[in-house]
Amino acid sequence: MASSKAYLDFVLEQLSELEEITYRAMMGEFILYYRGKIIGGIYDDRLLVKPVKSAISLMPTTTYELPYEGAKEMLLVDNIDSKEFLKKLFDAMYNELPVPKKKK
């Protein structure tokens with residue numbers, strides 16, 4: 001099941017307090033970038049983020065879910081209604097995320 005543009009728009013509005021949030025559509029889903037780094041995505045109308053230490057510590061009771069068959073598990077963000085929490089989460093995760101690989 002693909003994610004809806006309406007859900008993407010909702011998530012982007014919730015992330016509006018952060019600068020440099022971008023996304024890329026991929027096979028009916030959306031990859032989310034924060035200041036150029038992949039932070040997670042929207043899969044089946046769920047916001048999932050990479051399971052880095054800071055995200056795990058901010059969401060200790062969250063569930064791990066598969067974005068799609070064959071992928072690595074990611075963390076489900078269930079507190080999506082709080083812009084303040086999302087800003088804190090994304091800011092905390094940023095330094096733990098890998099730097100994007102240079103394109104040849």
- prompt: Taking neighbour counts of Cβ atoms within 10 Å as a proxy for exposure, in what order, fewest first, do Val11, Val52 appear?
  reply: Val52, Val11
Most to least packed among 96-102, 42-48, 83-89, 21-27 [average Cβ atoms within 10 Å]: 42-48, 83-89, 21-27, 96-102
statement: By Cβ neighbour count within 10 Å, fewest first, Ser57, Ser82 rank Ser57, Ser82
message: Just checking my list (i) 23; (ii) 50; (iii) 35 against percent of Cα pairs over 22 Å apart computed from this structure; which label fits?
response: (i)
- prompt: Short version: ³J(HN,Hα) in whole Hz for each residue of segment 37-48, in order, from phi by Karplus 6.51 cos²θ - 1.76 cosθ + 1.60 (θ = phi - 60°), x for Gly and Pro, what are they?
  reply: 9, 6, 10, x, x, 10, 10, 6, 6, 10, 8, 10
task: Please identify, among Glu13, Glu29, Glu73, the residue showing maximal mean-square fluctuation in a Gaussian network model of the chain using a 10 angstrom Cα cutoff.
output: Glu13
- prompt: Taking the Cβ of Asp91 as the center, what net charge do the other residues with Cβ under 15 Å away carry, scoring Lys and Arg +1 and Asp and Glu -1?
  reply: +2
- prompt: Measuring from label point to label point, each 7 Å out along Cα→Cβ, what is the Tyr64 to Lys83 span in nm?
  reply: 3.4
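Any read-out appearing in this document is the output of simple, stated calculations on the displayed coordinates, not a laboratory observation. The structure displayed is predicted, hence computed values, not measured ones. Using ideal geometry, Cβ is built from the backbone for each residue, glycine included, and neighbour counts are taken over all protein chains shown.
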